[in-house]
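The block underneath contains the structure these notes are about, expressed in structure tokens.
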Amino acid sequence: MKANQSIRTLDDFRRIAYGFRLPRICLTALDLDLFTIMNTRAWTIPNLAKKMNVSERGLSILCRNLASAGLLRKHGTQYRSSHLGQTMLNAQSPEYRGAYLDLMRQQWDDWSLLTQSVKSGKPVEEQGPEDPEYRRAFTWAMHYRSLEAAKHVAKQMVFPRAQSLLDVGGGPGTFALEFLRRNAQLQATVWDRLAALDVAREIAASCRYGSRLSYHAGDFLQDPPPGKFDVIWLSNAIHIYSPQENTALFRTLRSALNPGGSLLIQDTFLSDKDGLYPADTNLFAVTMLLFTQTGNTYHSTEIQTWLKKARLSKTKLIRLQKGTGDWEGVLIEARHT
Ligand SMILES: C[S@@+](CC[C@H](N)C(=O)[O-])C[C@H]1O[C@@H](n2cnc3c(N)ncnc32)[C@H](O)[C@@H]1O
């Protein structure tokens, strides 16, 4: 297992420390709605600066950098957006991923408060009561984030004999809907907070198999599960919580599994003995420090230990085809025996 970035010399350190420059340039382009304004047309800097109401000097330096990063194409004195810029970054395109882009933009300020969070061990904002507006925007962001991964996962994880699936912390229901699409006999339930379920309902209403999705509002750490299921899908939830909270959750979920049923956990897992890699998994732990009270990222063997404590001792790792899943494409399966 190798480090993504190995910092040995001052030059290495400088390269990494100044690594904020291109991300900041990309986020400024989003702040200015540059890709939406450019849409599919070619623009000179003076025309575009006038349209955007920004300085020609600033825009010309910004666009040069975006072009050298491949987000714009330059032909003579004209710039045009790349395919990505014209589609997923452009609010005029049906492929626009707005809510997910907004989440990336918002994280800039929060990451700037990391020193404070490291000192206190607490998130940057004290969480008050769950704000439905925030939850709604976040749930859309999760949908846009997972659209492709959900298709790939559901193609590889088929449940021909399962009748029922519970998507715990399923948010927009993106994964549950893909499982329904691939398994005609299946009924699925999303268990999440009310505001998240409103988004799931909207998304499900736009697809034929969405009528086989049900909704259960509540807190999965506090409330009893909504029945018994053949498959439980738990994706991107355990990183929000501590080992103790996750162990308690596994006990709850065991009680919701039919005999022979499976709990499938999708998340980002540390995989080496010292818990240093993948480096992205450790970076994601920082996001959890900034945004959650007790969240972290964990080694897959540690999670298997919690499962054993919850009497889910028959566990194994499932590896999806390389590059097709969420994160590194590793799932943990625990069977109810
Ligand atoms: C990071 S999102 C993951 C969404 C989806 N499972 C996915 O993989 O894209 C975590 C979800 O868990 C939900 N969640 C977190 N803690 C919860 C709790 N205690 N009770 C109910 N839902 C919870 C959040 O509302 C959110 O929808």
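The values are calculated or read from the model by the stated rules, or taken from the named source; none is laboratory data. These figures come from a predicted structure and were not determined experimentally. Please note: Cβ atoms are built from the backbone with ideal geometry, for glycine as well, and neighbour counts cover all protein chains shown.
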Flag for residue 161 being out of contact with any helix residue (DSSP H, G or I) (no Cβ under 8 Å at 6 or more places or on another chain), of a type outside the set (A, V, I, L, M, F, W, C) and in contact (Cβ under 8 Å) with a residue 40 or more places away in the chain: yes
Among the residues listed as 59, 66, 48, 89, the single one being in a helix (DSSP H, G or I) and under 27 Å from residue 141 (Cβ atoms): 66
Residue that is β-branched (Val, Ile, Thr), without any contact (Cβ under 8 Å) to a residue 40 or more places away in the chain and closer than 22 Å to residue 282 by Cα, where the choices are 45, 16, 61: 16
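Please find, among 216, 239, the residue that is modelled with pLDDT of 95 or more, within 21 Å of the chain's Cα centre (by Cα), surrounded by 17 or more Cβ atoms within 10 Å (Cβ to Cβ) and more than 16 Å from residue 140 (Cβ to Cβ).
239
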The stretch 249-272 - residue that is more than 11 Å from the ligand (Cβ to nearest atom) and part of a helix (DSSP H, G or I) and, of those, surrounded by the fewest Cβ atoms within 10 Å (Cβ to Cβ): 255
